[in-house]
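Structure provided below as structure tokens; questions to follow.
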Amino acid sequence: MNAFVRGAVRLVYRMFYNIHFEGIENIPENEGVIIASNHRSYADPVLLTMYMKKPVRYMAKEELFKNKLFGAFIKMLGAFPVRRGKGDMQIIEDSVDIIKQGHNLVIFPEGTRAKENKVGKGKTGVAMIAAKAGADVLPVGICFDGPKLKFRCKLTVKIGKLIKAEELSVTGTTPKELKGVKRRIMDEITTLVEGQPHESRTEKLSEVDLSGNQNS
């Protein structure tokens, strides 16, 4: 997204929503990274591009490009078409190429939108792309009350600290390694959204049995 379009989109979004950004200083200036975020609304991809200094790309289903005007608009915002039924590995390779070209790549690891400020376990695709690209990961949490984004609602975008590729300790792409990397990324996103990682939340739940009594 060029500077003019980014500025125009930022102005429009601020008119429609009461937007607050936290952690803008964590955005890297030079290298292309994976922007890994929870997913709350159709507005999320654009929200995640508003303060990025480098070009941002994100996946969009091929059908959205059938309308030439709308297709041209989202392409200008960084969208690239993904065909349903296209092999997962091809999508991963395309994503790796985008990062190696120096672009940022938006990924929603959960794969679907949530109706509340809760984060799911996520899928290992984000870990596979990070491993193959040797990319850093920027965790982001998008928060607003209610199941849908409404006019002038308070909307907070929390940008976490960059997870360096070496911190992820990826030496291969075995299922165990990928699950470990995915868990680290999802914990960071969950902390931004919910205030604690998945692991802590699971430990708290395990302290209470189904009858509501604390375990001894």
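Of Tyr58, Tyr51, which residue is buried (at least 16 other Cβ atoms within 10 Å of the Cβ), touching a strand residue (DSSP E or B) at 6+ places or on another chain (Cβ under 9 Å) and not in a helix (DSSP H, G or I)?
Working: Tyr51 fails: buried (at least 16 other Cβ atoms within 10 Å of the Cβ).
After ruling out the rest, the residue left standing is Tyr58.
Among the residues of segment 22-48, write down those that are surrounded by fewer than 22 Cβ atoms within 10 Å (Cβ to Cβ), out of contact with any helix residue (DSSP H, G or I) (no Cβ under 6 Å at 6 or more places or on another chain) and not hydrophobic (A, V, I, L, M, F, W, C).
The answer is Glu22, Gly23, Glu25, Asn26, Pro28, Glu29, Asn30, Glu31, His39, Ser41, Tyr42, Asp44.
Quick grid of which residues meet (1) out of contact with any helix residue (DSSP H, G or I) (no Cβ under 6 Å at 6 or more places or on another chain); (2) within 16 Å of Met59 (Cα to Cα); (3) touching a residue at least 40 places away in the same chain (Cβ under 8 Å):
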| site | (1), (2), (3) |
| --- | --- |
| Lys118 | yes, no, yes |
| Gly125 | yes, yes, no |
| Ile129 | no, yes, yes |
| Val140 | yes, no, yes |
| Phe144 | yes, no, yes |
| Lys154 | yes, no, yes |
| Ile159 | no, no, yes |
| Glu166 | yes, no, no |
| Ser169 | yes, no, no |
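Taking helices (runs of 4 or more DSSP H) that do not extend beyond segment 143-216, which have at least 3 residues that are surrounded by 18 or more Cβ atoms within 10 Å (Cβ to Cβ) and at pLDDT 90 or above?
Values: elements: 165-168, 175-194, 198-206.
Correct list: 175-194.
Specify the residue that is farthest from the chain's Cα centre (by Cα); the eligible residues are those in segment 39-61 that are more than 21 Å from Lys100 (Cβ to Cβ) and among the aromatic types (Phe, Trp, Tyr).
The extreme case among them is Tyr51.
Give the residue, chosen from Leu69, Leu64, Leu77, that is at pLDDT 90 or above and either of a type in the set (A, V, I, L, M) or within 18 Å of the chain's Cα centre (by Cα) (or both). Step through it out loud before you land on a result.
On the way: Leu64 fails: at pLDDT 90 or above; Leu77 fails: at pLDDT 90 or above.
Selected residue: Leu69, the only one of Leu69, Leu64, Leu77 that is at pLDDT 90 or above and either of a type in the set (A, V, I, L, M) or within 18 Å of the chain's Cα centre (by Cα) (or both).
The values are calculated or read from the model by the stated rules, or taken from the named source; none is laboratory data. Please read these numbers as outputs of a predicted model, since none were measured by experiment. All Cβ positions, glycine included, derive from the backbone under ideal geometry; neighbour counts span all protein chains shown.
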